[in-house]
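The values are calculated or read from the model by the stated rules, or taken from the named source; none is laboratory data. From a predicted model like this one, the values you see are computed outputs, not experimental measurements. Here the Cβ positions follow ideal geometry from the backbone for every residue, glycine too, while neighbour counts run over all protein chains shown. Note: accessible area is taken over every heavy atom of the protein model, side chains too, but ligands, DNA and RNA are not part of it. Shrake-Rupley method; radii C 1.70, N 1.55, O 1.52, S 1.80 Å.
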Protein chains: 2
Amino acid sequence: MNAQKIAVIALGGNAITQPGIEDTIANQFTNTRRSLDGIVELAREGYGLVVTHGNGPQVGNCLLRIELSRGKAPVLPLGLLVADTEGGMGYMIEQSLQNRLRAEGIDRPVTTIITQVVVNREDPAILNPTKFIGQFYSPEDAKKYQETRGWIMKKDADRGWRRVVPSPMPIKTVPGEIIHQLVEQGTIVIAAGGGGIPVYIDEQGNYEGIDAVIDKDRASAVLAREISADILSILTSVDNVSINFGKPNQKNLEQVTLSEMEKYVEEGHFPPGSMGPKVEAAMQFIRDGGRMVTISSLKDAQRAVHSQSGTRIVPD
Amino acid sequence: MNAQKIAVIALGGNAITQPGIEDTIANQFTNTRRSLDGIVELAREGYGLVVTHGNGPQVGNCLLRIELSRGKAPVLPLGLLVADTEGGMGYMIEQSLQNRLRAEGIDRPVTTIITQVVVNREDPAILNPTKFIGQFYSPEDAKKYQETRGWIMKKDADRGWRRVVPSPMPIKTVPGEIIHQLVEQGTIVIAAGGGGIPVYIDEQGNYEGIDAVIDKDRASAVLAREISADILSILTSVDNVSINFGKPNQKNLEQVTLSEMEKYVEEGHFPPGSMGPKVEAAMQFIRDGGRMVTISSLKDAQRAVHSQSGTRIVPD
């Protein structure tokens, strides 16, 4: 087959690890299987598909395991942890999707591609790390690790001290062209897991890893542009993007244009830690020529792509 | 480009973790970069290339980290650890190779594909686990984990008790066809790391993970057959396969035919734990129609492929 339309589906963290459910691998597999309905239906309709995913809880667990085995097993840099989770979570999604597609009689290959994402070494975010990772520490330990490990520590609300790392802007994915080619041919590609492995290009033109994490929705928007996707579908735990969120005049957005969305952003409707980066990634994809971004719950993935549910951001 | 000849290069464990050198990720990157000379030269000559690799020390470290964080972070099944290391080690090899190729002016894309490998659920190896993994335990702990975790424990020489898992025969790789297509087009593909993620096919036709490990040379031979490779190159820590190894009449093998090799196997020249599986994988590939298998040291990779070094196994 040749894909007629291409969609990039960004699975939220809740697709694989659900708060309130014991975090075992068996449960991660169960959650993953439940998260695939929309993807399976879009595959049936012949969409070219890339699936991206978050990895926050998984990397948190990796960091904890490393902490508890210091001096006994090698310490892994953050980029390698992202690469590990791209492999492990990619496998879980890939196998679950292969089994669902087979059961539904849909003949589409699925593959997982380890993805590096290039960032700018001069990105201002690198000098100003803001992304919390890993466990909480006492003020004393925070001070100690700041000195002995070179970590940058910040206070995370009232819960304690945590390490912060940069979250620079993604510029391009490696290997975007290979993903594009596979998708055009009908292969469903799992890529850019956890936002991709952050790398910069040094003076010699070499890729070099960097201790940072990339926002997975921003990385998905970049990948969507590279493969000339029509639609970017951001799946999360709420049904719609809302303005005046949590207030009596809260309004759920359905179809909005780029310039309407820009106005809402200016008015400060979207907090930086949650809906902000999703809306920003969505607008970037539309500015880059994308036809539509949907932001919806997992269960509404297909209906949102059909403009029947969720929030859709479209060009003016 | 379209690849004229295709080779599968199986990197031994020593390509990434070297005994006697402190096991840090910086050193793993350094070792990896040093291991790529032969691959780079074959890429320059226009070979279609798949690179496979072992993951023994890395999975050992994963198991240790899991052990030391039990009750605090989820326990990961063995298949997921293989998937993780396919991601992390694939990234290390991929990036190192991309940088070397760029420096040498060789324009070939590189990508890492997470690989499942199908085994037979009825494989007799599944009922008779023999592959040691993870750390050593006291006889008391061995007994305890046998009862509480369902592990099968065996005594590893005089060094203590360890967990054993099955090492079933690989049947096919997923997604072999995608790897084949990419290689034909000139992409260097890193695949089947650690022998691939072992899965079986259940009554419904679903892939299901299984707690086992697959020998990486056997998996490489299966993948080599699937992609119609001409050459399987097994890279290890010795220069040649030898008969009468360690005896006064030791003889290093250069070019040998399949039936000569079969005779040596019958005579018991190759111990099961080390050279045995490599020789067996080599013979299987030749029986399946392969043109040549080389078994050589890393440094001789290219010369062995050119029949100038190492041991070459060829059809009669």
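Per residue of A:76-85, how many C-beta atoms from partner chains lie within 10 Å of its own C-beta, taken as a mean?
For peptide A:76-85, the averaged partner shielding equals 6.
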Percent antiparallel among DSSP beta bridges (both partners in the protein assembly as shown, rounded to 5): 45 percent
Probe 1.4 Å, all chains present, heavy atoms only: B:K5 accessible area in Å², nearest 10, is 80 Å²
Sequence-distant or interchain residues sharing an amide H contact under 5 Å with A:I9, placed H: which? A:V50, A:V51, A:T52, A:S233
State the residue of chain B whose Cβ is nearest the axis carrying B onto A, and the distance in whole angstrom. B:G87, 1
Along the range B:84-90, Karplus-curve 3J(HN,Hα) (6.51, -1.76, 1.60; θ = phi - 60°) to the nearest Hz, with x for Gly and Pro, reads 4, 6, 4, x, x, 6, x
Give me a comma-separated list of calculated 3J(HN,Hα) values for the range B:10-27, in order, Karplus coefficients 6.51, -1.76, 1.60 applied at θ = phi - 60°, integers in Hz, x for any Gly or Pro. 9, 7, x, x, 5, 5, 10, 10, 9, x, x, 10, 3, 8, 10, 5, 4, 5
Over the heavy atoms of A:R287, what accessible area does a 1.4 Å probe trace out, to the nearest 10 Å²? 120 Å²
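Rounded to the nearest 500, what is chain B's calculated 222 nm mean residue ellipticity when only DSSP H runs of at least 4 contribute -39500 (n - 2.57) each, over all residues?
Estimated from H runs of four or more residues: -11000 deg cm²/dmol.
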Accessible area of B:D141 in the full protein assembly, 1.4 Å probe (Å², nearest 10): 50 Å²
Which order do A:W161, B:W151 take when ranked by solvent-accessible area (1.4 Å probe, heavy atoms of all protein chains), largest first? A:W161, B:W151
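Let me know the charge dipole size of the protein assembly as shown about its Cα centre in debye, to the nearest 20, where only the beta-carbon of Lys, Arg (+1) and Asp, Glu (-1) is charged.
On the way: 66 positive and 76 negative charges, 228 e Å.
Using only the charged Cβ atoms, the result is roughly 1100 debye.
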One decimal, nm, nearest first: from A:G71 to the same residue in each other copy, label points 7 Å out along Cα→Cβ, the values are 2.0
Within the range B:142-157, whose backbone N sits under 16 Å from a point 7 Å along Cα→Cβ of A:K72? B:142, B:145
Copies compared at B:D239 - label distances in nm, ascending, label defined 7 Å from Cα in the Cβ direction: 7.4
Distance in nm between A:K172 and B:R121 label points, each 7 Å along Cα→Cβ, equals 4.7 nm
Under 16 Å from A:K144, Cα to Cα: lysines that are on another chain or at least 8 residues apart: A:K154, A:K155
Could you pull out every residue, at least 5 positions away or on a different chain, whose amide H is within less than 5 Å of the one on A:N120? Hs are placed 1.01 Å off N in the peptide plane, and Pro or chain starts have none. A:M169
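Averaged over its residues, how many other protein chain Cβ atoms are within 10 Å of peptide A:106-118's Cβ atoms? Numbers along the way, then the final one.
Details: counts 0, 0, 0, 4, 3, 10, 9, 7, 13, 4, 5, 0, 0.
Counting other chains' Cβ atoms within 10 Å and averaging over A:106-118 gives 4.
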Between A:F245 and B:D107, how many nm apart are label points set 7 Å from Cα along the C-beta direction? 4.6 nm
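How crowded by other chains is A:88-97, given as the mean number of beta carbons from other chains within 10 Å of each beta carbon?
Details: counts 13, 5, 6, 13, 4, 0, 7, 11, 2, 0.
Partner-chain Cβ atoms within 10 Å, mean over residues of A:88-97: 6.
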